[in-house]
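Read the structure below first, then the notes.
Computed from the coordinates by the stated procedures, all read-outs in this text should not be read as laboratory data. Quick caveat, the model's predicted, so the values are computed rather than measured. Note that we place each Cβ from the backbone using ideal geometry, even for glycine, and neighbour counts take in every protein chain shown.
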Amino acid sequence: MTQEHMRKIKESVLNRIRSGELAMRPKWHFVLKTILATVGAVIVFLAALYLVSFIVFTARQSGAWFGPAFGSLGFAALLRSLPWTLILLSLVFVGVLEILARRYAFAYRRPLLYSVAVIIVLVLAGGAAVAPFHRTPFRDMPMHRLPVLTERFYRNFGPPPFPAREFYRGTITESLSDGFVIEDFEGATTTIRIPPRFPLRRIGAPPPAIGDEVVVFGAASGTEISARGIRVLFIRGD
């Protein structure tokens, strides 16, 4: 762009300001907009981080996180057990965050897919890192120590209730002739029945024993669970 062209643009802008077509705004106006956009981006990021961390935590707590270890059936069960409402809401937050981030040079100078990918990676990595912080609310939930709305949120979007669940995580408290009993983090017990000639899915571990923490992939049979797959997470004494 030549100097002559720049001079004409400058004169055109000045003439429009003098005629009242354009209004000059004070510097504080732009500073305030930047501050509000930054605060909004931080709030949206934290909200997305909270939802993703909650999704990761509940998937781990219920045992659904380990679904792919049980093959294609386990992976399909994992997809069925995920809280898709929260996942879609998280994606909405990611979209809003991308819109807010486009106001800054580091984002709008990059391709859209690049900036979206960076945001998604940050949210996923951050969510996985802070997921353990949900242990305290989950531990306090059965004793009704949480605010009503918070407790209702955790109960509605936590692990699905028996018999809708397909994954069961807990510690073995009793050994049976054809299975065992596990106790989950809420203190509830579930009886696991192991069909004859059942191939245990475990990684270099002896058969599950009392005190071991396991994840069971199975289907409800009356008031009990018929195991389709078992994975030992922690062996007693480890």
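Here are a few things to note about the model shown:
- Compared with the alpha-carbon gap, the fully stretched path from Asp178 to Ile235 is longer by 18.5 nm at 0.36 nm per residue.
- Centre separation in Å (Cα based) which lies between the stretch 150-201 and the stretch 40-101: 22 Å
- Relative packing of 80-90, 215-225, which averages over residues the other C-beta atoms within 10 Å, highest first: 215-225, 80-90
- Residues of the stretch 153-174 with an amide N closer than 19 Å to a point placed 7 Å from the Cα of Trp84 along the Cα-to-Cβ direction: 156-161, 164-167.
- When only the Cβ of Lys, Arg, Asp and Glu is charged (+1, +1, -1, -1), the dipole of the stretch 167-234 relative to its Cα centre reaches about 440 debye.
- Semi-axis lengths (Å, descending) of the ellipsoid that matches the C-alpha gyration tensor of the stretch 116-227: 30, 20, 14
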